[in-house]
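Contents: one structure, followed by commentary.
The values are calculated or read from the model by the stated rules, or taken from the named source; none is laboratory data. Remember, it's a predicted structure, so these values are computed and weren't measured experimentally. Using ideal geometry, Cβ is built from the backbone for each residue, glycine included, and neighbour counts are taken over all protein chains shown.
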Amino acid sequence: MEHYLYSAVQTEVISLAEAKMAIKIDSDNFGDNITVTATVSGGYKSITATATGTGIDVYGKKTLVSLCPVSLSASATLDVKIQESLDNVTYTDWSGGSFTQVTTANATTIQEKEYTGDYSYIRAAYTVATAQADFAIQVITSEPDSVEDDHITDLITAAREYAEGVLNKAIGEQKWILMLNDFPWKDYIELPYPPLASVSSVAYINASGTSATMSASESNGYIVDTESEPGKVFLAYANTWPSFTAYPYNAVRILYTCGYTAATVRKRVKDAILKMIGLLHNHRVTGIPKEDLQAVDNLMQGVRIINHG
């Protein structure tokens, strides 16, 4: 019996944010975590009808809009509001996005508003009346990005693979191919790395290299047991495996999908993976102490599959 990975895990059951929270790491440089962009650059603006600033991408980010007046000429007024857009082309006023009107009385008071809307882009729209006004409007976005994000992402995969080795189970949806030299004498085939989600195909290759595929049918093919661990492919009632002269090796090939998802993985397994991520990070040079590895293994007791039959 041979088996190999056909399609690796695309979505880990542990997110980068969860891993970073578990090992309490993020950039310790405040400047690395924020971006300041001028939607309206500083300087004097002439009397005008409503003008607009540059659109800023704020998707998925914490966002603060800062109005920074410097000075206003006598009797000048400045009105500013926040506008939002899905495409950075068509903008509408954001409800609650109007700043207090700026006059000479509050011409040096910085005003701030947090953008809590759902749109991808925002900008400032402003109107200067009566006389010139000197001001700038900045958009401050926060998107903490650890300098070690790539490293931590690799640790998530490494910790998940360690847990899979201990459990003999798949964590995260993945596809495998099980290969046999021939069909077995019994009426079922166990599939490694539960939990089994589905079977895509049961194919077999004859001595001349010609491939055929069994029918996934309760009447004349096979049925799939996804409830047992390991999952199984069963012959349908009163059926037999195909009779053929098998190719010299790996003549029977079963393609299937298996693995826990973030919603179905056991909490103790998830805790074990998080602990392993921390150990891999903290002992990247010295190696993980045996007693710490044992503690991780202990978290997964009772979930492990001893063998695949």
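Among the criteria (1) in a loop (DSSP other than H, G, I, E, B); (2) within 15 Å of residue 3 (Cα to Cα); (3) of a type in the set (D, E, K, R), the one residue 175 does not fulfil is (1). Taking the criterion of being under 16 Å from residue 138 (Cα atoms), in contact (Cβ under 8 Å) with a residue 60 or more places away in the chain and not aliphatic (A, V, I, L, M), the residues of the stretch 57-105 that qualify are 57, 61, 62, 63, 66, 68, 69. May I ask you to list the residues in the stretch 262-271 that are without any contact (Cβ under 8 Å) to a residue 40 or more places away in the chain and not in a loop (DSSP other than H, G, I, E, B)? Hits for the stretch 262-271 are 267, 268, 271. When each of 95, 142, 120 is tested for being surrounded by 15 or more Cβ atoms within 10 Å (Cβ to Cβ), over 20 Å from residue 47 (Cα atoms) and of a type in the set (Gly, Ala, Ser), the lone residue that passes is 120.
Answer yes or no as to whether residue 212 is in contact with a Phe, Trp or Tyr (Cβ under 7 Å, 6 or more places away or on another chain), loosely packed, with under 14 Cβ neighbours inside 10 Å and modelled with pLDDT of 95 or more. Answer is yes for this residue.
Against the test of being among the polar types (S, T, N, Q), free of Cβ contacts under 8 Å to residues at least 60 places away in the same chain, within 28 Å of residue 158 (Cα to Cα) and outside any helix (DSSP H, G or I), the options 217, 208, 200, 243 yield a single qualifying residue, 200. Kindly indicate the residue of the stretch 284-305 that is part of a helix (DSSP H, G or I) and not acidic (Asp, Glu) and also farthest from residue 260 (Cα to Cα) among those meeting that condition. Ranking the qualifying residues of the stretch 284-305, first place goes to 290. Across the stretch 272-279, not a single residue is classified as among the charged types (D, E, K, R), closer than 17 Å to residue 170 by Cβ and either modelled with pLDDT of 95 or more or not in a loop (DSSP other than H, G, I, E, B) (or both). Of all the residues in the stretch 238-262, those that are of a type in the set (Ser, Thr, Tyr), surrounded by fewer than 18 Cβ atoms within 10 Å (Cβ to Cβ) and over 18 Å from residue 227 (Cα atoms) number 4.
Could you please find all residues in the stretch 107-135 being at pLDDT below 95, closer than 19 Å to residue 69 by Cβ and of a type in the set (Ser, Thr, Tyr)? Passing the criteria: 108, 130.
Is there a residue being closer than 17 Å to residue 3 by Cβ and of a type in the set (Gly, Ala, Ser) anywhere in the stretch 242-255? Yes; the residues of the stretch 242-255 include at least one that is closer than 17 Å to residue 3 by Cβ and of a type in the set (Gly, Ala, Ser). The listed residues are 154, 149, 187, and the only one of them that is surrounded by 15 or more Cβ atoms within 10 Å (Cβ to Cβ) and either under 26 Å from residue 253 (Cα atoms) or free of Cβ contacts under 8 Å to residues at least 40 places away in the same chain (or both) turns out to be 187.
In the stretch 283-298, is there at least one residue being within 17 Å of residue 168 (Cβ to Cβ) and either surrounded by fewer than 12 Cβ atoms within 10 Å (Cβ to Cβ) or aromatic (Phe, Trp, Tyr) (or both)? The answer is yes; a qualifying residue exists. Scanning the stretch 104-142 for residues that are more than 35 Å from the chain's Cα centre (by Cα) and β-branched (Val, Ile, Thr) yields 104, 108, 109, 110, 127, 128, 130.
Picking from residues in the stretch 83-109 that are among the aliphatic types (A, V, I, L, M) and in contact with a Ser or Thr (Cβ under 9 Å, 6 or more places away or on another chain), the one that is nearest to residue 119 (Cα to Cα) is 86.
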